[in-house]
Protein chains: 4
Amino acid sequence: MIRFLLIGAGRIGKIHAENIARHPQATLACVTDADAAVAGELAQRWGARTVALDAAMTASGIDAVLIASSTDTHADWIERCAAAGKAVFCEKPLDLDMNRATSCLQTAQKAGIALYLGFNRRYDPSFMRLKQEIAAGTIGQLETLHIISRDPAPPPVEYIKRSGGLFRDMMIHDLDMARWLLGAEPVEVFARGSAVNAGIGAAGDVDTAMVMLRTADGKLCQIANSRRCAFGYDQRIEAFGSAGMARADNHTATSVAVAGTAGFTTEPALPFFLERYAAAYRLELDDFIAALGNKQVELATGDDGRRALMLADAAQRSLESGSAIVLV
Amino acid sequence: MIRFLLIGAGRIGKIHAENIARHPQATLACVTDADAAVAGELAQRWGARTVALDAAMTASGIDAVLIASSTDTHADWIERCAAAGKAVFCEKPLDLDMNRATSCLQTAQKAGIALYLGFNRRYDPSFMRLKQEIAAGTIGQLETLHIISRDPAPPPVEYIKRSGGLFRDMMIHDLDMARWLLGAEPVEVFARGSAVNAGIGAAGDVDTAMVMLRTADGKLCQIANSRRCAFGYDQRIEAFGSAGMARADNHTATSVAVAGTAGFTTEPALPFFLERYAAAYRLELDDFIAALGNKQVELATGDDGRRALMLADAAQRSLESGSAIVLV
Amino acid sequence: MIRFLLIGAGRIGKIHAENIARHPQATLACVTDADAAVAGELAQRWGARTVALDAAMTASGIDAVLIASSTDTHADWIERCAAAGKAVFCEKPLDLDMNRATSCLQTAQKAGIALYLGFNRRYDPSFMRLKQEIAAGTIGQLETLHIISRDPAPPPVEYIKRSGGLFRDMMIHDLDMARWLLGAEPVEVFARGSAVNAGIGAAGDVDTAMVMLRTADGKLCQIANSRRCAFGYDQRIEAFGSAGMARADNHTATSVAVAGTAGFTTEPALPFFLERYAAAYRLELDDFIAALGNKQVELATGDDGRRALMLADAAQRSLESGSAIVLV
Amino acid sequence: MIRFLLIGAGRIGKIHAENIARHPQATLACVTDADAAVAGELAQRWGARTVALDAAMTASGIDAVLIASSTDTHADWIERCAAAGKAVFCEKPLDLDMNRATSCLQTAQKAGIALYLGFNRRYDPSFMRLKQEIAAGTIGQLETLHIISRDPAPPPVEYIKRSGGLFRDMMIHDLDMARWLLGAEPVEVFARGSAVNAGIGAAGDVDTAMVMLRTADGKLCQIANSRRCAFGYDQRIEAFGSAGMARADNHTATSVAVAGTAGFTTEPALPFFLERYAAAYRLELDDFIAALGNKQVELATGDDGRRALMLADAAQRSLESGSAIVLV
């Protein structure tokens, strides 16, 4: 039985709390949050106790820590967990700053703690099957990868300002998927973007972006992002190879089609990540617990998190400079 | 080069005229129609000559006759062709009356002429592939067949009154498909129907119908018809067997899907038979010409036409009596 | 908080136990089963206590009873619950014998207990949306209904022998769906069937069947069943009306398509009812609990159960007699 | 009646010959080809006469010229037609060399002849509908465009060597589609490519490529090409905008799906351009003839041809330099 401390009782924290509480090999032992009332409510819902933020690391009976607090606190918490020798599952990203991410990672490595990042899409059943088909050789040699990822609606401009920009905040998921599915490191990044939302543009960010990646052995990858999509949370990947193609389409709430004079209408994509990745949140927790038992897993490691951030940084520099960025 | 006499220059006659004229092994030699002006216009379009109705059978240089005149003239024309020793391709049906159909067929058989009926759906590329998959054993042993066939809009009530009723006029196509795909004769017919259109009901016919067929070896078949369909000409068949299922879906004008807040909309079915069965009309002519050269073909014979009519008659009797009709 | 007694700790009982235990307004208080060990294991899993079969009705602190024991015990348990004044949610069917079902229902009605039957398909999200589209008039006036329902593999012949036959055991679900979606009582039933599995045939049952239903106002319905389907649990419904059509297709585990020289391959249907109707089992429990609070729900009542059985009986008689059965 | 001279009786010439011959407002008057026998055979098939190459421009009774000869002769023929004052429909491209293309275009403009290029995809019914949906505002403001275009199999390496490279030979179609659908000129081109086929790589070309385009107002476009595709001629376009998305999928030969234990398999894409763009070849001829009657059409003009070539050149330079190419 793995006893968890949950740091952060917000929207994502609540998902993790429920999945931990319902997991046959896990217990939600303890919850902490800057807002004690929020922590208390969540703890009560699942029969856990609460702990103050500054007492969290010395709480007794904790085997693993799930960090779901705000992004700017991730690195600090990871370092505290390293000092306390606790296994960590941290929501992405490590940090928005590459130097801070790197130093935090080194601290964790020196301490020898298990450290995994919540790149939830690796555990979406459709994307998992895509990975398996590629690995099984169904499509022959993988040659090109095509990722489309669109949010239903942009976050508030205040969020955008603190987000690190579209590449570090949103596309980082796709960059992790690209690395994971390509099975090789991109050595070149070219990025372009636009702001169709005036407020986002005024905040110095883009809301519409395309990136092209190239690996050393010549595999090519396209990524397209938008912060707004009329037909739901658009999450699609296509992998093309020498013997064929495998693609994962959107998921829908039902299988109903309605036909009238205008044709046949099927459902829009599921609304957002809570719906689309509900299974992924459960399955990534399964594998975190399995990883603590030394099973080989698909979870993103701290180093995966650092590399995704490196690609996001390169995309941002490409956008700003107009040049392709070559990575050593 | 097969030189054709075309009898009937209406809507269906025009399709056949064009296909004959464009066929590398056929010539449209001669056109006749009760309306000489209509015949003249069509003949001129394709470089043919016209002939009066009563001189048609003695016209010189004719190898084959394509009968596309009104239903009530089919049997008479076939018998005249039999007397003249001409090969015949006749639009369905032989006749609305079983006795007349049977005697006409006997006349043709005695004369030894080639006689084929225009059950065009056998030559629709999707239904042809369905037949091939069944023959190839892709779905194992065929167990059940499911046919949906809906016209976009009902014909005028005046047409309905002369049509012989939904089963002989419309479902006869599906009954032919059932025989052709089942590869066995139905021995039982059960039919039910309704009139959602008051005018059709007042004319003593139904516009909505279902039929169930059973073969001697226990294969079952469902047919559903409607004279009106909001989303086009709905033409679908599903064949279910011990190892799987094959189905032919509707055809559309383009492959475009449009996505918005309501979901993804694809096109309605093609409008009607001229669009859906354009290829079938060409391909059935190919096979008629091939059949004259003694190739084995999928064309419906005169006897196929008689058997489809027999099933339609049985369906009508079942509708009227409330009982299943057992065929010897 | 509704405190439940669960009767029956088998496959279906386990599903209900978990859904009750996880429901925010329900508690799994007590479990009973003819096999005490099985009951004990399930009770322990969800923190419930066990009770002997003959002490179940006098167990304290029980608000509602969920009957998931074998079919032949349903009526007895319902009558005991009626005597004890407990609300009942009973797996379908009431009983295989119409007289027994009717007397049991009368007992429950006299006692005034809430009695609902687990026709789970009413709570499948796709079929629920179909019902909503029909009610909303999206397809105009409903005219015909088309139900296909195929199990992945036949049950053991020993099960078949005790099952009451395909119509009472399997098609009863579709007959309930037909009544629910048609919104009217069928007044005529015609049925045909075959046994492609020799063992099932030898046991006097069919494994392949078609039924045609007609309502007093002329709506027509087709149902097709098979006990074996190569591509999973095939569960589809199509509702056709004056303004269009709505259909619910199968569900799949992922949205992946793989393309190669043979074309594009998408997933088979989900394996069986545990996967396809997982959400339905949760949602029907929600509504049972809501119904106890007097909310109007879509749950099948005892009378719905009796009427579905009446249609199944009529189908069996039609199969045996060869005639359509007219219901008053 | 427009009387055509056809220059070139090869594969594409044959398609045009048939479409001209069958067009109600056109006549195939004359055919010329470097291979007189090939010209003779085609002329005979459609009732045309032949003419020697050097006598073609002085042949009598010619209203328009269709150039379907090899690419390196296009510019010369156009200039001869300009001198002779003939309307020209020329297969793409004008020339592989930008300077030659430009001078040829100037000659045609000075002469005032009608000059259109055969970018056939503009007349594919699915892509035409895509254009109409964008123009109609169905997807709101167009923001991003996504083009996938894959040939079934690479041409011989000897062809590759003379082809001008993937961007000028193959992607030029997609670059024209991008301009046509974006409704704006790209001002920046970034390209990357790989050679998965060793022979193509040895010839100094790529067979797998991606391009990113940006317009002055910030619209972004991705193009992906491959010279080899296991599942047919893969031709898809997706247009994303502020209110939704419209996409054109591949076309298939039939609508059949086959289901078995592995799932549901539908057909691969049509084999190649002759099949996929059969309708487009007919429809572009319609519009060429309509354009001669001063109708506004979607046909690519000579200037469109020059601009597509300019983008292809920029892509080639980007591939070689590693930099994005900015166009004035």
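For the reader, a short list of remarks on this structure follows.
- For region C:8-84: accessible area per residue (Å², 1.4 Å): 44 Å²
- Applying 1/(1 + (r/R0)^6) with R0 = 30 Å to the Cβ-Cβ distance of C:Asp72 and C:Ala198 gives a FRET efficiency near 0.65.
- At 7 Å out from Cα toward Cβ: A:Arg228 inter-copy label distances (nm, ascending): 4.2, 4.4, 5.7
- Per-residue mean of foreign Cβ neighbours for B:220-231 is 6 (Cβ atoms of other chains, 10 Å radius).
- Residue order for C:Thr27, A:Thr32 - accessible surface, 1.4 angstrom probe, largest first: C:Thr27, A:Thr32
- Accessible surface of B:Glu91 - all protein chains present, 1.4 Å probe, nearest 10 Å²: 20 Å²
- Distance to the C-onto-A rotation axis is smallest for one chain C Cβ; residue and value in angstrom are C:Arg22, 4.
- The protein assembly as shown: C-alpha gyration tensor shape, a/c 1.5 cut-off, then a/b vs b/c: oblate
- Placing a label point 7 Å from Cα along the Cα-to-Cβ direction at A:Gly201 gives distances to the equivalent points in the other copies of 4.3, 6.1, 7.4 nm, listed shortest first.
- Computed with a 1.4 Å probe over protein heavy atoms only, the accessible area of B:His173 comes to about 30 Å².
- Shape call, region C:158-306: gyration tensor on alpha carbons, a/c limit 1.5: rounded
- Peptide B:199-208 has a mean of 1 when you count, residue by residue, the C-beta atoms of other protein chains within 10 Å of its C-beta.
- Rounded to 5, the percent of DSSP beta bridges in the protein assembly as shown classed as antiparallel: 60 percent
- Residue with peak Gaussian network fluctuation, chain B [Cα springs, cutoff 10 Å], from B:Asp217, B:Asp174, B:Asp151: B:Asp217
- FRET efficiency, 1/(1 + (r/R0)^6) with R0 51 Å, evaluated for C:Arg228 and B:Trp46 via beta carbons: 0.40
- Residues D:Leu117, B:Leu283, D:Leu270 ordered from highest to lowest accessible area at a 1.4 Å probe: B:Leu283, D:Leu270, D:Leu117.
- Computed FRET value (nearest 0.05) for C:Ser103 with C:Ala243, which takes r as the C-beta separation and R₀ as 51 Å: 0.70
- Label point 7 Å beyond Cα along the C-beta direction, distances from C:Pro125 to other copies (nm, shortest first): 1.2, 3.5, 3.7
- Per-residue SASA entry for D:Ile7, accessible area with 1.4 Å probe, Å² rounded to 10: 0 Å²
- Farthest positive-ward along region B:97-173 dipole, Cα basis, beta-carbon charges - from B:Ile113, B:Met170, B:Ile134: B:Ile113
- The apolar share of the surface of the protein assembly as shown, taken as the fraction of accessible area on carbon and sulfur atoms (1.4 Å probe, ligands and nucleic acids excluded), comes to 51 percent.
- Averaged per residue, region D:198-289 has 27 square angstrom of accessible surface, using a 1.4 angstrom probe with ligands and nucleic acids left out.
- Placing +1 on the Cβ of every Lys and Arg and -1 on the Cβ of every Asp and Glu, with no other charges, gives region A:220-296 a dipole of roughly 140 debye about its Cα centre.
- Under the shape rule built on the C-alpha gyration tensor, where the axes satisfy a ≥ b ≥ c, region A:1-149 is prolate, since a/c reaches at least 1.5 and a/b is greater than b/c.
- Accessible surface buried at the B:C interface totals approximately 3100 Å², computed with a 1.4 Å probe on protein heavy atoms.
- Across the protein chains, with a 1.4 Å probe defining accessible surface, the residues B:Glu158, A:Glu185, A:Glu320 rank A:Glu320, B:Glu158, A:Glu185 from largest area downward.
The values are calculated or read from the model by the stated rules, or taken from the named source; none is laboratory data. Everything numeric here is computed off the predicted structure, so don't read it as measured data. Here the Cβ is made from the backbone with ideal geometry for all residues, glycine too, and neighbour counts use every protein chain on show. Heavy atoms of the whole protein, side chains included, go into the accessibility calculation; ligands, DNA and RNA do not. Shrake-Rupley method; radii C 1.70, N 1.55, O 1.52, S 1.80 Å.
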